[in-house]
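I have placed the structure first, in the form of structure tokens, so that the comments after it can refer back to it.
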Amino acid sequence: MGKAVVAVVGSAMIDLTAYAKNLPVAGQTVEGELFTTGFGGKGANQAVIAAHCGAEVHFIGKLGRDLFGQSIAENFNKLGINSDFVDRSDTPNGVAHIWVDGNGENRIIIIPGANYEIEKERAIQGINSIKDLSIVIGQCEIKQEITLAAFTAAKARGCTTILNPAPYQQLSQELLAVTDWIIPNETEFKELHGQLPTNDEILENFRNGKNSIVTLGSEGAVLISADGTITRTPAPKVQALDTTGAGDAFVGTFAYGLACNKTATDAMSLGVRVASLTVTRKGAQSSYPTQAEIATLS
Ligand code: RIB
């Protein structure tokens, strides 16, 4: 089997996370239990888990020329993620302020910073430069026009494109036209489709001639194939400590699976098992299993 080659065109952030049993309401101050600084950003998270799985990963993005940007660049380097198209900006690096409550549920505010300065031409050049590229992943923490340019270039060379519409924003018809797989979570599904994914009929009506997977948290994931077939993968029962980055773990693992020529159902099943493990640990990338741990899940 050849190497699974995956490119992520997306965001890289530093996550500043406060853990508190009960989160404050407006005007209230509460005492928390822990504060952490960690590597995050939906794009970088997806790239890192794909690299942990064993893919050859190329990241296309923009970091600040500051300490946060520097530490992300060093982390990519340490993990062997190709950064030939990771540029730097005088705009501060992107950050995410995250609150995690006693049930492991989070609330996130992102400040995109340098992530919003990725240039279209660089994204296209990056996609065109990668040898044997098979999968390109995008999200919505960078400008949509950049994802569109990258996906258009990816489709022109025969790659498969995966869009994780997170955080939700209205998607252009142009972007949907060059997207092969769309992977929302339940909240994003509701924003895209107007209803929560509570039954098969609602899921079937989401089709649009595309392959989709809806991630369902502790319920696992459901694949809606372009012909309307619905396939569910339940998640193992785990005690959730922190769900941050679990959806990204799913997307990056699924992309790795497709790049390895696994069936979509097998790739989804591996994605669910990896994502379930991440919620038992704190942080985004800090919760991701190693390649050896992933091998035990395959
Ligand atoms: O999906 C989780 C990620 O969302 C966090 O790592 C944070 O950086 C935000 O981008």
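Below, the figures for the structure above:
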item: Of all DSSP beta bridges in the chain, antiparallel share, percent nearest 5; result: 40
item: Mean ellipticity per residue at 222 nm, deg cm²/dmol - from DSSP H runs of n ≥ 4 across the chain, formula -39500 (n - 2.57); result: -10000 deg cm²/dmol
item: Table column - 3J(HN,Hα) (Hz), segment 169-185, Karplus curve with 6.51, -1.76, 1.60, x for Gly and Pro; result: 8, 4, 9, 6, 4, 4, 5, 4, 5, 10, 9, 8, 10, 10, 10, x, 8
item: Those trypsin sites (Lys or Arg not before Pro) in segment 153-218 that DSSP places in a loop and that have at most 10 other beta carbons within 10 Å; result: none
item: Alpha-carbon centroids, segment 125-166 and segment 220-298: separation in whole Å; result: 21
item: Spin-label pair I230/V30, simplified geometry with 7 Å Cα→Cβ offset, distance in nm; result: 3.5
item: Residues with amide H under 5 Å from that of M13, placed H, sequence gap 5 or more; result: G40, G41, A44
item: Global geometry of the chain, whether rounded, prolate or oblate, following the gyration tensor of its Cα atoms and the 1.5 cut on a/c; result: rounded
item: Relative contact order (%) - the chain, alpha-carbon pairs under 8 angstrom, separation at least six; result: 19
item: Subset of K78/K120; K155/K190; K3/K120; K78/K190; K62/K237; K78/K282 violating a 29 Å alpha-carbon distance limit; result: K78/K190; K62/K237
item: Farthest toward positive dipole pole in segment 95-147 [+1 Lys/Arg, -1 Asp/Glu at C-beta], among G104, I135, I124; result: I124
item: Candidates per chymotrypsin sites (Phe, Trp or Tyr not before Pro) in segment 167-233, loop by DSSP, up to 16 other Cβ within 10 Å; result: Y168
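Every number here is computed from the coordinates shown, using simple stated rules; none is lab data. What you see is a predicted model, and the numbers here were worked out from it, not measured in a lab. Glycine also receives a Cβ, built like all others from the backbone with ideal geometry; neighbour counts cover every protein chain displayed.
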